[in-house]
Amino acid sequence: MTASVAIRTSCLVFCAGAAVGCAAWRKAIDPANVAAEREKYGATADQRIEELTVAASKAKSGSEVEFARGLLQQILAEHDPRVRAAMLAIAADFDAPAAVAVCRGALEDPEPRVRMAACKAWRKRGGPEAVKLLAARIDADSDIDVRLRALRELGDLGDESAVPALARALEDPNPAIQFRAVAALKDVSGRDLGDDVNAWRAWAADPKAKGTEWSIAEGFRQLF
């Protein structure tokens, strides 16, 4: 086979393959085929997430309680962790009791990625309950990534009442936990004592001691 014949043969094979690929792609995006696939196999994770997002947007105009109740039922039945995590992001925007229940319950989800999403949801919700629940995740969760996420979200809250929980984390034997606790204390206190864990332990033991007063205002002064 000459070089020119080989090239023409390769081009024909490529074009034939491309034609088959294009036909398969057109079939995949054809609305009728999508509907048939959904009827046969059920909605995909992406479809369920999109539908929830649209429904949540509509619920903001007046049916929040009903939507939140439905979300609670759905998360209990949902098998895909990615979808459950998306539900947490949605639930964080609603104040209905069922939405709060979704956020609380997800902190005990068997999947770490869902528990991390719940930590993020509670940082978004804020308030004393958020501090309490995030502190509990830091103390009790079995997954290091969840504990680190809880520390980050607790720091981002910027709530002075989180100091005792962050101080406990300074005593953790895992250096990653200690480092993240230091970062969170910088956010909460508005101070920067460096990365010396012992310096932060001394501060956390008595934040109001001379020279160590807790001051958000000082954090703003350091910006200028």
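Contact map, region 191-203: residues that are assigned to a helix (DSSP H, G or I) paired with residues that are at pLDDT below 90 and of a type in the set (S, T, N, Q), Cβ distance under 7 Å, separation 6+ or inter-chain. Pairs shown: Trp203/Thr212.
Would you confirm whether or not region 160-171 contains a residue that is of a type in the set (Lys, Arg) and crowded, with 19+ Cβ neighbours inside 10 Å? Checking region 160-171: not a single residue is of a type in the set (Lys, Arg) and crowded, with 19+ Cβ neighbours inside 10 Å.
Please determine whether any residue of region 147-165 is of a type in the set (Asp, Glu), outside the structural domain of Ala68 (by TED's automatic domain parsing) and in contact with a Lys or Arg (Cβ under 7 Å, 6 or more places away or on another chain).
Yes: one or more hits.
The values are calculated or read from the model by the stated rules, or taken from the named source; none is laboratory data. Just so it is clear, the structure is predicted and the values come from calculations on it, not from any experiment. Ideal geometry is used to build each Cβ from the backbone, glycine not excepted, and the neighbour counts take in all protein chains shown.
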